[in-house]
1. Enter the Cα centre distance for the pair the range 299-365 and the range 270-287, rounded to the nearest angstrom.
2. If R₀ is 22 angstrom, what is the calculated FRET efficiency for the pair residue 53 and residue 82, using the beta carbon separation as r and rounding to 0.05?
3. Dividing the convex hull volume of the alpha carbon atoms of the range 311-420 by its residue count, what do you get in Å³ per residue?
4. What is the Cα convex hull volume of the chain when expressed per residue in Å³?
5. Among 13-25, 31-43, 482-494, what's the highest-first ranking by average C-beta atoms within 10 angstrom per residue?
6. Across every pair of different alpha-carbon atoms, what Kirkwood hydrodynamic radius in Å does the range 12-121 reach?
7. Extension gain residue 310-residue 175, at 0.36 nm per residue separation less the Cα-Cα distance, in nm?
8. Expected output is a single nm value to one decimal: the length gained when fully extending between residue 438 and residue 400, i.e. 0.36 nm times separation in residues minus the C-alpha distance. What is it?
C-alpha cells in the first residue's frame with residue numbers, strides 16, 4: 001500500500017498490513033488535553049459518521065491520547081494505528097496536538113478505514129514561524145486571521161508574527177492609525193488566546209527605526225526624522241522620510257512609549273523590534289557620526305532598544321541586514337538577542353550568502369533564525385520555483401549551522417495586491433521544511449495543496465497554482481522581490497524606460513517582451529482561468545479562493561495585453577483596456593473587502609492611477 005499524503009510529511013512512517021475499521025466510537029485522554037480532545041472528537045464525528053464520546057477507561061476507547069514524560073523529543077509524537085485502536089503518545093501537549101493534526105489528515109483521506117501504520121515524528125526547528133505583513137495597506141479582519149491561524153496550526157506552525165508599522169491602535173497616537181483600520185488591543189488579546197490554544201506563540205513585530213514613514217509624515221513626529229526633507233533613494237526619485245534619527249533621545253522615547261502600549265496585549269515574552277532598511281541612516285542628522293563611527297551608530301541604538309526591552313521582561317529579535325554589513329560588531333550583540341537573517345531569492349549566489357551569514361552567527365555563538373519568504377509580493381500570482389529554492393535553502397542551511405528557528409515571511413510591498421490564496425503555496429512549503437527538511441524538501445507540493453490547503457476534490461488547483469507561479473520565468477529575467485508583469489502595472493508609459501533599466505539592474509538580464517512570448521503567457525493564463533471552473537474546493541471560503549486566483553491571473557493577463565499594445569501588436573484597443581482595467585479595479589475592491597478591513601484600500605487602489613491616466617489621456 002502506498003504511503004499516505006501528509007503535510008508536513010513525518011520523518012519516520014511505516015505502513016503495516018491491514019486496516020482499522022472503527023467500531024467502538026470512544027476516545028480516552030488526559031483532562032489537561034481538553035482542546036486537543038474536542039478538536040479530535042469533531043473530526044472523528046465528521047469523517048466516521050459516528051457519534052463519539054470520551055471514556056475514562058482506556059481499555060474501552062478506540063482512540064487514545066497519552067502524555068508520557070519520558071518521550072525523547074519536545075513537540076514530538078508517536079502515532080500508531082493498529083487493527084484495534086489508534087494511540088498517540090507525546091511528552092507534551094504540543095506533541096499531542098501535532099499527532100492529532102496528523103490523524104486529522106489521515107481521517108480526511110481514509111475516513112472510517114484507516115491503514116495500519118506507525119509514525120515517529122518530531123521537528124527540526126523548535127520555532128517554526130510565519131510573519132504576516134499587516135502594514136502595507138492591507139490589514140486582515142480578525143476572522144480572516146483566525147481562519148489562517150487554523151490552517152497554519154494544522155501544518156504544525158508554532159509562531160506567528162504580525163509585522164506592524166502603523167496598524168496597531170496606539171491610544172496615544174490616534175493620528176497615525178486613524179485611516180488604517182488597525183488591530184485594536186481587544187483584537188490582539190483575542191487572537192493571542194486563539195493562538196495559544198493551538199500551540200502558536202503570537203509575537204509583536206514593531207519596526208523601531210526604519211519604515212516609519214507613516215509616522216514621520218505627521219507634524220507631531222516629523223522633526224524626529226533622520227532626513228526631515230526626504231532623501232534620494234538608490235531606486236531613483238525623491239522619497240519622504242522613512243527613518244528615525246537614532247541620535248535624538250526623543251526617537252527612543254517614542255518607541256518605548258509604543259512598546260508600553262503594545263506589549264501588554266501579547267502573552268509572548270519576545271518582541272521583534274525590526275531595525276531593517278534604515279535607508280537614510282548617515283545621510284542626515286547622523287551623517288557626521290556615521291562618517292566617524294560607521295556601524296557603531298546603528299549598534300548603539302539597537303543596544304538602547306535592547307535595554308528597554310529587557311527592562312520590560314521581554315527578549316528581543318531584530319532583522320540582521322544592517323549588522324551583517326559590520327561583521328566585526330556581531331560579537332557585541334548580547335547572547336539573549338536573536339538576529340533574524342533574511343533573504344528572499346534563490347540560486348547558487350543566495351545559497352552561498354546564507355552559508356556565510358549563518359557561519360558568522362555560529363562562530364560568535366549567537367542563536368539566530370533564518371527568514372525566507374513566500375515570493376508572492378510584487379508578483380500577483382507568485383514565483384513558485386524561487387519560493388521553493390529560497391525557503392528550502394534557508395531551511396537546509398539554517399539546520400546545518402544551528403539556527404533555532406525559521407520565520408517564513410509574507411510581505412505586502414507596493415500596496416499588497418496579492419491575495420492570501422497565492423501566498424499559501426509558500427506558507428505550506430515553509431511549514432513542511434521547517435518541520436523536517438529531509439522528509440519534505442521534495443514533497444509533492446501540488447498534491448499537498450489539493451488535499452490540505454485548498455481541499456480540492458477535483459485535484460486540480462494545486463498544480464494550477466504551482467504552474468501560475470512559474471509564469472514569471474517565461475518573460476524573465478530573474479529579479480529581486482518580484483516579476484515584471486506585476487511591477488509594470490504600477491508604471492506610467494512615460495517612465496517605463498527608466499523603470500525598466502532599474503529593473504534590469506536588479507535582475508539578471510532583459511525581459512523578453514516579444515509578441516510571441518507575450519501571447520504564450522496570455523494563453524497560459526486563459527487556460528488557468530478556464531480550468532478554475534472545474535475545481536471542487538471544500539474549504540469554507542472556496543468561492544473566495546477561486547475568485548482571488550481568477551482575479552490575480554486576470555490582472556497579469558491585463559498587464560500582458562498592455563505590453564502587446566506597447567509593442568505595436570495589440571490584442572485590445574486602449575479603450576478596451578481601459579474598460580477592462582476599470583472592471584478589474586472594481587473586482588479588486590470587492591475581493592479586498594471580503595477578507596480585509598477598509599483602511600488602506602483607497603491607498604492601494606491609487607497605485608492603478610498612472611495606468612488609468614495613460615488610457616484616458618491617449
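Taken together, the values in this text are just the output of simple stated rules run on the coordinates, not laboratory data. Computed from a predicted model, the values in this text were never measured in an experiment. A quick note on method: Cβ atoms are made from the backbone with ideal geometry, for glycine too, and the neighbour counts reach across all protein chains shown.
1. 14
2. Computed FRET efficiency for residue 53 and residue 82 comes out at 0.55.
3. Taking only Cα atoms, the range 311-420 has a hull volume of 122 Å³ per residue.
4. 154
5. 482-494, 31-43, 13-25
6. 13.6
7. Result: 45.7 nm gained on full extension.
8. This chain segment gains 12.5 nm when fully extended.
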